[in-house]
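**Student:** Below: one structure in structure tokens.
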Amino acid sequence: MIKFRQLGLSAALLIITSVGFSTPSIASQSSSTALIRVEQVGGFVGPNVLTTRLPQVVLYSDGRILASTNLDGDVRRMYEGLLSKSALLSEISLFAKVTKIPAGGWGLPPVADVPSTQITLLQKGVKKVVNVYALGFTVDSVPSSTNQARSALSKAINKLVSLAGSKKYFQPTSYEVWPQAAASDPSQNSIPWPKLIAAPHDGCNKVSAKPFLMELKAAGSTPWIFPDGSVERLTWRPALPDEVACHRTS
């Protein structure tokens, strides 16, 4: 990673954004309303990573919680858990606390090409978006409150991820399919694309999950053979409950 000197700009102005607007109470919200969403944004990564990256963890108003599995392969997956109402409210309260701007700001670690952690919190009719650059790093020459706040935020995120567990996978109703690269020739383990379903084109393709459930269980990084004989690698990204496949806003 490339080191650089911190510029004389306000870190708070660079990495904090808050937006307020009226929203319904938790009780009247859709089960797919995200109350806490934590994701990585930016960073020196390839376009295929940016287009298929999943949030680190999402907590919904019905208590459902999804967390990235960090598994390798072309099929992106998330673990799924369920929180009680009291546990849900406790997490909302905790994130309201740990996303407050510390007295010395969030700081700007002297590293480049790493992502920011973006936390979106919906509480009591107010949506707050907080961006903290290079959250896993400490910051020199800042008040101790800055690094304490960064540490508290990291711990809260790790705790939320752990609450999703690691036993049950989220089963989406649809996937985004992103062609990544043409394969030189088909292998014995290649998977035939269903002839009755349109083959994916360049860019994002929405497909129903149901016809592919069995194949995706063991797809790994296996290439797919299309009806015209071409062979390509595909990345499968599940459409989350608060997303519209191929029309995501984040």
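**Student:** Show the residue pairs that are 6+ apart or on different chains and have beta-carbon atoms under 6 Å apart, the first residue being within segment 41-65 and closer than 18 Å to R237 by Cβ, the second being assigned to a strand (DSSP E or B) and among the basic types (K, R).
**Tutor:** From residues that are closer than 18 Å to R237 by Cβ, the pairs are T52/R237; P55/R37; V58/R37.
**Student:** Shifting gears a bit: Over 30 Å from W106 (Cβ atoms) and over 18 Å from the mean Cα position of the chain (by Cα): does that describe K168?
**Tutor:** The answer is no for K168.
**Student:** Do you know which of the residues in segment 93-149 that are among the basic types (K, R) and not in a helix (DSSP H, G or I) is modelled with the lowest pLDDT?
**Tutor:** Selected residue: K124.
**Student:** Just for segment 135-155: of the residues that are more than 16 Å from the chain's Cα centre (by Cα) and small (G, A, S), which one is surrounded by the most Cβ atoms within 10 Å (Cβ to Cβ)? Reasoning before the result, please.
**Tutor:** Applying the first criterion (more than 16 Å from the chain's Cα centre (by Cα)) to segment 135-155 yields 136-153, 155.
Filter once more, so that each one left must be small (G, A, S): 136, 141, 144-145, 149, 151-152.
Numbers: G136: 12, S141: 9, S144: 10, S145: 13, A149: 23, S151: 13, A152: 16.
This residue is A149.
**Student:** Restricting attention to segment 196-250, which residues are part of a strand (DSSP E or B) and either closer than 16 Å to Q180 by Cβ or at pLDDT below 90 (or both)? Show your work before the answer.
**Tutor:** Applying the first criterion (part of a strand (DSSP E or B)) to segment 196-250 yields 205-208, 224-225, 231-238.
Across segment 196-250, the qualifying residues are N205, V207, W224, I225, V231, E232, R233, L234, T235, W236, R237.
**Student:** Could you grab the pairs with beta carbons closer than 8 Å, sequence gap of 6+ or different chains, first residue in segment 227-250 and more than 29 Å from T120 (Cβ to Cβ) and free of Cβ contacts under 8 Å to residues at least 60 places away in the same chain, second one part of a loop (DSSP other than H, G, I, E, B) and acidic (D, E)?
**Tutor:** Filtered contacts from segment 227-250: V231/D185.
**Student:** Regarding G73, is this residue in a loop (DSSP other than H, G, I, E, B) and either farther than 22 Å from Y175 by Cα or at pLDDT below 65 (or both)?
**Tutor:** Numbers: in a loop (DSSP other than H, G, I, E, B): yes; either farther than 22 Å from Y175 by Cα or at pLDDT below 65 (or both): no.
No; evaluated as a whole, the condition is false for this residue.
**Student:** If I ask for residues that are free of Cβ contacts under 8 Å to residues at least 60 places away in the same chain, farther than 20 Å from T33 by Cα and surrounded by 21 or more Cβ atoms within 10 Å (Cβ to Cβ), which ones from segment 96-134 would you list?
**Tutor:** P109, A134
**Student:** Which pairs have Cβ atoms under 9 Å, sit 6 or more apart or on different chains, and link a residue in segment 151-167 that is farther than 10 Å from I65 by Cβ and at pLDDT 95 or above to one that is among the basic types (K, R) and not in a loop (DSSP other than H, G, I, E, B)?
**Tutor:** So the pair list comes out as A152/K97; A156/K97.
**Student:** Count, please, the residues in segment 55-70 that happen to be modelled with pLDDT of 95 or more and in a loop (DSSP other than H, G, I, E, B).
**Tutor:** 5
**Student:** Considering only residues that are part of a loop (DSSP other than H, G, I, E, B) and touching a Ser or Thr at 6+ places or on another chain (Cβ under 9 Å), look in segment 42-52 and name the one that is surrounded by the most Cβ atoms within 10 Å (Cβ to Cβ).
**Tutor:** Within segment 42-52, the subset part of a loop (DSSP other than H, G, I, E, B) is 42-46.
Then keep just the ones that are touching a Ser or Thr at 6+ places or on another chain (Cβ under 9 Å); that gives 42-43.
Working: G42: 13, G43: 15.
It comes out as G43.
The values are calculated or read from the model by the stated rules, or taken from the named source; none is laboratory data. Since we're looking at a predicted model, the values are computed, not measured. Positions of Cβ are backbone-derived with ideal geometry, glycine not excepted, and every protein chain shown enters the neighbour counts.
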